[in-house]
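Reviewing the structure listed below.
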Amino acid sequence: MRPALSEHYSYEVYADPQMAERFDALRFGGPIGRLIADTQEQQIAEFLAPLAGRQVLDVGTGTGRAAIALARRGAAVTGVDASREMLDVAERRAREADVRVAFVRGDVHALDFADRSFDAVVCLRVLMHTPDWRRSVGELCRVARRQVVFDYPARWSVAALQALGRTVTHALNRRVEAYRVFSSRQVAAALAAHGFRIAAEHRQFVLPIALHKRIGSAGWTTRVEGAMSHAGVTRRFGSPVTIVAERCAS
C-alpha cells in the first residue's frame, strides 16, 4: 500500500496510464531530451564503473530508462517505483530491449529491503519532488553498501527561478509539478548524517533547459554550454547536479 504521503501531487501525477505512456517523450524527446538522457547515463556509468555483476537499485525508476541502461552495461538491476502505471511501461520497455530488470512497487520513504542490500543505489528526478527528501536520502543510504547516486536542481542556478514559478502555478493548478531546489551544503549534510560523503559531481547546464529545448539544436547546446564550462561558470551555476556519494569507512 502507498503511505499517507501518497496524496502528495508527486504520486497523483504518475498514477495515470496516459502520463506513463507519454513520460519519455515529454522528458527526453527531441535532440535536447536525448542529450540530457545520454549525458546522464554516461556520467552514472562512469561514477559506478565497473558495472558488470554489481547489484544496483534504481529508486523512482519510472519507465525504467536508467534501470535498462544499467542492465545493458552488465549490472543486476532492481527498479522500484510507487506507480504501478509507470512500472507497466518499464516492464514492457525492458522486454523490448531484451534485458532483465526486476521491477517492484515500493516507496522511497520506506524501501522494503534490508540494510546494505545493494552495491549501489541510483535515484533520479525524485528528491526534487518527494514529500520528505531527507527521509528519502536516509533510505537510499541505508540500503546501499558502497555508493549512492542522485540528482537535484541547484539553488544557485536558473532552475531556482523556474522552481519558484512552478510553485506559484502549482497553487492554482495541482497538475503542474512544483519542485524544490537544493544547496550543496544541504545535500552534503543530509548524506553525512547517514555516513556518506560526496565523492564527485557533474553539473550539466547553465542556461535554462527550456531555452535549449526551444532552440532544439544539440550542436548549439554543446558549444554554448561547453564554452561556459571552460570558463568555469558551470562549476558554480550549473544544474541539474548529479552526485555520487560513498560510504565513509567505519
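Some notes on this structure:
- Selection from Val13, His109, Ala200, by position along the positive dipole direction of the range 4-247 (Cβ): Ala200
- Among 186-195, 123-132, sorting by the average number of other beta carbon atoms lying within 10 angstrom of each residue, highest first, gives 123-132, 186-195.
- Counted over the range 4-247, the DSSP beta bridges are approximately 45% antiparallel.
- With the highest mean first, a sort of the peptides 222-230, 140-148 on other beta-carbon atoms found within 10 angstrom per residue produces 140-148, 222-230.
- The relative contact order of the range 4-247 comes to 19 percent, based on Cα pairs under 8 Å that sit 6 or more residues apart.
- From the coordinates shown, semi-axes √(5λ) of the Cα gyration tensor in Å corresponds to which of (i) 30, 24, 16; (ii) 25, 22, 20; (iii) 25, 25, 17: (ii)
- Here the spin labels are modelled as points 7 Å beyond Cα on the Cα-Cβ line, and at Thr222 and Trp156 they lie 3.0 nm apart.
- Cα-centre dipole for the range 1-149 with unit charges at Cβ (Lys and Arg positive, Asp and Glu negative), debye to 20: 400 debye
- Rounded FRET efficiency, nearest 0.05, which uses the C-beta distance separating Asp132 from Gln55 and R0 of 30 Å: 0.70
Since every read-out is calculated from the coordinates, none of them should be taken as a lab result. Please read these numbers as outputs of a predicted model, since none were measured by experiment. As a convention, Cβ positions derive from the backbone with ideal geometry for all residues, glycine included, and neighbour counts pool all protein chains shown.
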